[in-house]
Amino acid sequence: MSCSSASGSRLAPGSRTIRRAHHGGPLYANWVDAAAVISIHNNGGEGTGTETWFDATNGHEAASQHLAAVVNRTIVAAIRREYNPNWPLERVEHH
């Protein structure tokens, strides 16, 4: 499995580039003056579940939380439908 960076290039799992992209996402969002930022994490192991974080400092906390909750429910529904019907809906929280 791999993912794409903001530029569209493919990133290998566990790569240093992915770690930089993960931590650099909020900086990039600020640079492009994004109106909302959410971060989605699918956890495995003991903490299995999907977390969706939202920016509570952007002046639009309620709207950001609503967006994060909708995205979280949609992703979990897809995982339950396609992968694991018992996948937990972990949490939506601010960061």
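The values are calculated or read from the model by the stated rules, or taken from the named source; none is laboratory data. Remember, it's a predicted structure, so these values are computed and weren't measured experimentally. No Cβ is skipped: glycine too gets one built from the backbone with ideal geometry, and neighbour counts run over all protein chains shown.
Computed quantities for the displayed model
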quantity: Residue in region 45-64 that is surrounded by the most Cβ atoms within 10 Å (Cβ to Cβ), counting only those that are charged (D, E, K, R) and within 27 Å of Pro85 (Cβ to Cβ); calculated: Glu51
quantity: Failed condition for Pro85, given (1) at pLDDT below 80; (2) in a loop (DSSP other than H, G, I, E, B); (3) loosely packed, with under 11 Cβ neighbours inside 10 Å; calculated: (1)
quantity: Hey, Asn42 of a type outside the set (A, V, I, L, M, F, W, C), buried (at least 16 other Cβ atoms within 10 Å of the Cβ) and out of contact with any helix residue (DSSP H, G or I) (no Cβ under 6 Å at 6 or more places or on another chain) or not; calculated: no
quantity: Top-ranked residue of region 30-39 - restricted to ones that are hydrophobic (A, V, I, L, M, F, W, C) and outside any helix (DSSP H, G or I), ranked as surrounded by the most Cβ atoms within 10 Å (Cβ to Cβ); calculated: Ile38
quantity: Val70 being among the aliphatic types (A, V, I, L, M) and in contact with a helix residue (DSSP H, G or I) (Cβ under 7 Å, 6 or more places away or on another chain); calculated: no
